[in-house]
Amino acid sequence: MSETEFRGWLAYDQLYPLPDPHWDAALIASTMMRAMGSKTARLVHYLPVKDSEKQRTGPTNGAAILAGIRRLKARLKYGNN
C-alpha cells in the first residue's frame, strides 16, 4: 500500500469511523442477558474498563465480596433458589 493510499484511508476513517467492537459485543451481551430474564444487566457491565478507572478492592469491597460468596454457598448447600 502506498503512502498516498494510506493517507486516503486515514482521511476516510476520520469521516466514517468503524464502530467500536467492544460496544457492539456489550450491546449483544446485555440484550441476551435481558432476554434471559436478568433485571440488573446493563450495557456498562459488559464494556471494558481502563486500568485508571478500575476500582481497587479495599477492605470494604473485599468484605462485601466475601459475604456474597458465603450467601451463595449457603443457598447452594440448602437448595434455596
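The values are calculated or read from the model by the stated rules, or taken from the named source; none is laboratory data. Just so you know, these numbers come straight off a predicted model, no measurement behind them. Note that we place each Cβ from the backbone using ideal geometry, even for glycine, and neighbour counts take in every protein chain shown.
The table below gives the values:
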| read-out | value |
| --- | --- |
| Condition broken by GLN14, with the remaining ones in (1) assigned to a loop (DSSP other than H, G, I, E, B); (2) loosely packed, with under 10 Cβ neighbours inside 10 Å; (3) modelled with pLDDT of 85 or more satisfied | (1) |
| Of the criteria (1) out of contact with any helix residue (DSSP H, G or I) (no Cβ under 8 Å at 6 or more places or on another chain); (2) outside any helix (DSSP H, G or I); (3) at pLDDT below 85, which one ASN81 fails | (1) |
| The lone exception for HIS22 - which of (1) without any contact (Cβ under 8 Å) to a residue 24 or more places away in the chain; (2) within 11 Å of the chain's Cα centre (by Cα) it fails | (1) |
| Matching option when the condition is at pLDDT 90 or above, touching a helix residue (DSSP H, G or I) at 6+ places or on another chain (Cβ under 6 Å) and not hydrophobic (A, V, I, L, M, F, W, C), among SER30, SER2 | SER30 |
| Leading residue by the ranking (nearest to the chain's Cα centre (by Cα)) among those in segment 35-68 that are modelled with pLDDT of 85 or more and outside any loop (DSSP other than H, G, I, E, B) | TYR46 |
